[in-house]
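Data first, discussion second: the structure below is written as structure tokens.
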Amino acid sequence: MKYYVTKERLEELKTELERLKKDERSEIAERLKRAKEYGDLSENSEYTAAKDEQTRLESQIIELENILRNSEIIKKTGGKEIVQIGSTIEIKRKDKIFKYTIVGSQEANPESNLISNESPLGGAFLDRKAGDIVKIETPGGTVEYKIIKIE
């Protein structure tokens, strides 16, 4: 699976991975060491909690490593004819105009008008041109959008 990210997001993910590996691992190792000093591990809630946290952390590290290994940097497409990941589009629904940027799932933030290429809305616009009518099935029925502009 490919993960589409901006150059900035890729750097954030690398920084986060480094922090988890160095700082978080050290903290959990210290917690485990202290918990072992309490004695019987079978009835040691501090030890159990630290082991659970260690498992969660290692899963998070593996996930970040996978994302970094399979990531592709989004190139700004400015002025293209076809909607792609990285495109900013202006669309019209009824009498309202919306502006969205199509990004990878790691950067999606609908409140900031960043929609994932994997979402029903974002995916429906991919490979379309300005002027195209895009129909999207929603639980409330079919919704039509017209692509006005691709940046």
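The values are calculated or read from the model by the stated rules, or taken from the named source; none is laboratory data. This structure is a prediction, so every number in the text was calculated from the model and none was measured. Neighbour counts run over all protein chains shown; Cβ positions are idealised from the backbone, glycine included.
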Since ILE91 meets every condition but one in (1) more than 21 Å from LEU13 (Cα to Cα); (2) loosely packed, with under 15 Cβ neighbours inside 10 Å, which condition does it not meet? (2)
How many residues are of a type outside the set (Val, Ile, Thr), surrounded by 12 or more Cβ atoms within 10 Å (Cβ to Cβ) and under 21 Å from TYR4 (Cβ atoms) if we restrict to the range 121-151? 8
Residues of the range 88-144 being among the polar types (S, T, N, Q) and either under 13 Å from the mean Cα position of the chain (by Cα) or not in a strand (DSSP E or B) (or both), which ones? SER105, GLN106, ASN109, SER112, ASN113, SER116, ASN117, SER119
All conditions in (1) among the charged types (D, E, K, R); (2) surrounded by fewer than 11 Cβ atoms within 10 Å (Cβ to Cβ); (3) modelled with pLDDT of 85 or more are true of GLU37 except (3)
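Within 15 Å of the chain's Cα centre (by Cα) and free of Cβ contacts under 8 Å to residues at least 40 places away in the same chain: which single residue out of GLU11, GLU16 fits that description? So that I can check it myself, show each step before the final result.
Details: GLU16 fails: free of Cβ contacts under 8 Å to residues at least 40 places away in the same chain.
Exactly one of GLU11, GLU16 is within 15 Å of the chain's Cα centre (by Cα) and free of Cβ contacts under 8 Å to residues at least 40 places away in the same chain, namely GLU11.
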Right, ASN70: surrounded by fewer than 16 Cβ atoms within 10 Å (Cβ to Cβ), touching a Phe, Trp or Tyr at 6+ places or on another chain (Cβ under 8 Å), closer than 24 Å to MET1 by Cα and touching a residue at least 24 places away in the same chain (Cβ under 8 Å) or not? yes
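Here's the yes/no breakdown for (1) assigned by TED's automatic domain parsing to the domain that holds ASP127; (2) acidic (Asp, Glu):
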residue	(1), (2)
LYS33	no, no
SER45	no, no
GLU53	no, yes
ASN66	no, no
LYS92	yes, no
ASP95	yes, yes
ILE102	yes, no
Could you tell me which numbered condition LYS99 fails, if it satisfies all but one of (1) without any contact (Cβ under 8 Å) to a residue 24 or more places away in the chain; (2) farther than 18 Å from ARG128 by Cβ? (2)
Please work out if ILE62 is β-branched (Val, Ile, Thr) and surrounded by 12 or more Cβ atoms within 10 Å (Cβ to Cβ). no
Hey, can you tell me all the residues within the range 94-120 that are surrounded by 14 or more Cβ atoms within 10 Å (Cβ to Cβ) and of a type in the set (Val, Ile, Thr)? THR101, ILE102, VAL103, ILE115
